[in-house]
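Visitor: Can you read through this structure? Questions will come right after.
The values are calculated or read from the model by the stated rules, or taken from the named source; none is laboratory data. As the structure is a computational prediction, the values presented were derived from the model and not from experiment. Quick reminder, even Gly has a Cβ in these numbers, built from the backbone with ideal geometry, and neighbours come from all protein chains shown.
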Amino acid sequence: RRHVRRARAAANVGRMDAALEELRAAAARDARCAGLRTELADGVNRAIDCMRAGEPRAAVETYRTLLFIDPDFLPALNNLAWLLAAHPDETLRDAGAAVRLAEHLCQLTAGKDADRLDTLAVAYAAAGRFGDARATAQKALKLARAAGLERLAAEIQARLGLFQQDRAYRDQAGP
């Protein structure tokens with residue numbers, strides 16, 4: 001708990017390096033610490049705030065640090081994979097890393113989460129793997145419809161249309 005309190009204090013004054021070091025120390029001590037989970041979630045929120053502030057590179061760094069602390073942290077895996085696959089700035093995209101992250105994400109969710117599969121489909125398309133993108137998007141679409149997630153289903157359907165034309169999806173704004 002001491003490390004988590006120190007991390008929160010450092011983050012509150014903008015000392016992200018110190019905050020992340022304290023989180024690493026907390027993770028090394030007890031990876032199941034409830035305070036650590038809260039700080040990881042707060043880290044995702046900070047990365048999203050970076051995106052909203054037009055600082056995608058800071059968001060990438062934050063997500064990577066969160067994944068250094070917990071390589072299986074689903075929100076960071078999903079958001080970083082999406083950003084690396086779909087960001088409008090070509091210099092920020094890394095399709096290979098996006099695929100690796102999204103495949104790991106889908107392994108952790110047993111391929112049964114429509115939103116996570118959608119991320120994988122976007123990553124496959126970014127990597128030029130359009131056959132995989134189409135198949136994965138179709139599976140995501142089926143799961144979204146079965147779960148009554150009509151808005152997500154409509155978004156996946158629109159992206160599937162791009163993949164059928166061998167075109168990658170590009171976000172207008174980050175996650």
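Visitor: What tally of residues in segment 130-148 results from selecting those that are out of contact with any helix residue (DSSP H, G or I) (no Cβ under 8 Å at 6 or more places or on another chain), assigned to a loop (DSSP other than H, G, I, E, B) and at negative phi?
Guide: Residues in segment 130-148 being out of contact with any helix residue (DSSP H, G or I) (no Cβ under 8 Å at 6 or more places or on another chain), assigned to a loop (DSSP other than H, G, I, E, B) and at negative phi: 0 in total.
Visitor: Pick from segment 149-165 the residues that are among the aliphatic types (A, V, I, L, M) and either touching a His at 6+ places or on another chain (Cβ under 9 Å) or part of a helix (DSSP H, G or I) (or both): which of them is surrounded by the most Cβ atoms within 10 Å (Cβ to Cβ)?
Guide: By that ranking, first place goes to ILE156.
Visitor: Restricting segment 41-68 to residues that are crowded, with 21+ Cβ neighbours inside 10 Å and β-branched (Val, Ile, Thr), which is nearest to ASP171 (Cα to Cα)?
Guide: VAL60
Visitor: Surrounded by fewer than 24 Cβ atoms within 10 Å (Cβ to Cβ) and more than 21 Å from LEU162 (Cβ to Cβ): is that true of PRO88 in this structure?
Guide: No.
Visitor: Among the residues of segment 95-117, is there at least one that is touching a residue at least 12 places away in the same chain (Cβ under 8 Å), surrounded by fewer than 17 Cβ atoms within 10 Å (Cβ to Cβ), within 26 Å of LEU40 (Cβ to Cβ) and aliphatic (A, V, I, L, M)?
Guide: So far as segment 95-117 goes, yes, one or more of its residues are touching a residue at least 12 places away in the same chain (Cβ under 8 Å), surrounded by fewer than 17 Cβ atoms within 10 Å (Cβ to Cβ), within 26 Å of LEU40 (Cβ to Cβ) and aliphatic (A, V, I, L, M).
Visitor: VAL4 versus (1) among the aliphatic types (A, V, I, L, M); (2) buried (at least 17 other Cβ atoms within 10 Å of the Cβ); (3) at pLDDT 70 or above: which is the lone unmet condition?
Guide: All conditions are met except number (3).
Visitor: Are there any pairs, at least 6 apart or on different chains, whose C-beta atoms fall under 9 Å, with the first in segment 119-148 and under 13 Å from ASP166 (Cβ atoms) and the second modelled with pLDDT under 95 and not in a helix (DSSP H, G or I), and if so, which?
Guide: Here the result reads none, with nothing in segment 119-148 linked to a residue that is modelled with pLDDT under 95 and not in a helix (DSSP H, G or I).
Visitor: Right, here's the next one. Tally time: how many residues in segment 120-133 are of a type outside the set (A, V, I, L, M, F, W, C) and crowded, with 17+ Cβ neighbours inside 10 Å?
Guide: Selection size over segment 120-133: 3.
Visitor: I would also like to ask the following. For segment 87-125, what are the residues that are over 18 Å from GLU61 (Cβ atoms) and basic (Lys, Arg)?
Guide: Of everything in segment 87-125, those that are over 18 Å from GLU61 (Cβ atoms) and basic (Lys, Arg) turn out to be LYS112, ARG116.
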